[in-house]
Amino acid sequence: MTMKQPRRQSSTRGFSRAATLMQTRIRTATEGRGFAESRLLTHWAEIVGDSIASIARPVNISYSRGGMGATLTVLTTGANAPMLDMQKAQLLERVNACYGYRAIARIRITQTAPTGFADGRAMFQPAPKAEAKPDPAIATKAKEAASGVGDDKLRAALEALTTNFLTKQKT
């Protein structure tokens, strides 16, 4: 005698995540430029590092007819091209680590002026990290709230958590 499992009710109440709504459009746009992995565009700074991401960005991936590795086209300004050319091996290694296998065989560097045709393109850069000092009154409240904890690391973590919580409540 088998009992039927009760049907699990949806917790979304008919709503969908924004990421799932946009996923097909983003995939279509990135595949049009040859990017099978949209993560390469959206997480460029994390993949190649801040120093390379500040001077270059991926533009296109083209596949050869034989299928033996793709060519990644990277856009940079004329002054940064020689520096980027010296870092091709490191860049190739990091990009292939994103794919998980040797998907990219070559990197082509395209130079352009700092202004001009590249101005209309969307930049895939994360928001700058805000490191504002908290209000002194909030910092003292957080210190008082965590004063009874004996472990230094735990006390510091609780102070940071309390500061963040009180700052978010204030705004």
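Evaluation of Asp50 against the conditions (1) at pLDDT 70 or above; (2) over 19 Å from the mean Cα position of the chain (by Cα); (3) surrounded by fewer than 17 Cβ atoms within 10 Å (Cβ to Cβ) shows that the sole unmet condition is (2).
Take the residues in region 56-79 that are closer than 18 Å to Thr112 by Cβ and assigned to a loop (DSSP other than H, G, I, E, B), then tell me which one is modelled with the highest pLDDT. This residue is Ala79. Among the conditions (1) modelled with pLDDT of 85 or more; (2) touching a Phe, Trp or Tyr at 6+ places or on another chain (Cβ under 8 Å); (3) charged (D, E, K, R), Lys88 misses just one, which is (2). Applying the criterion of being touching a helix residue (DSSP H, G or I) at 6+ places or on another chain (Cβ under 9 Å) and surrounded by 16 or more Cβ atoms within 10 Å (Cβ to Cβ) to the residues of region 69-93, the residue that is farthest from Ser51 (Cα to Cα) is Leu72. Do you know which residues across region 143-170 are exposed (fewer than 13 other Cβ atoms within 10 Å of the Cβ) and assigned to a helix (DSSP H, G or I)? Once the filter is applied, which keeps residues that are exposed (fewer than 13 other Cβ atoms within 10 Å of the Cβ) and assigned to a helix (DSSP H, G or I), region 143-170 yields Glu144, Asp152, Lys153, Leu154, Ala156, Lys168, Gln169, Lys170.
The values are calculated or read from the model by the stated rules, or taken from the named source; none is laboratory data. Predicted model only: the values in this text are computed from it and were never measured. No Cβ is skipped: glycine too gets one built from the backbone with ideal geometry, and neighbour counts run over all protein chains shown.
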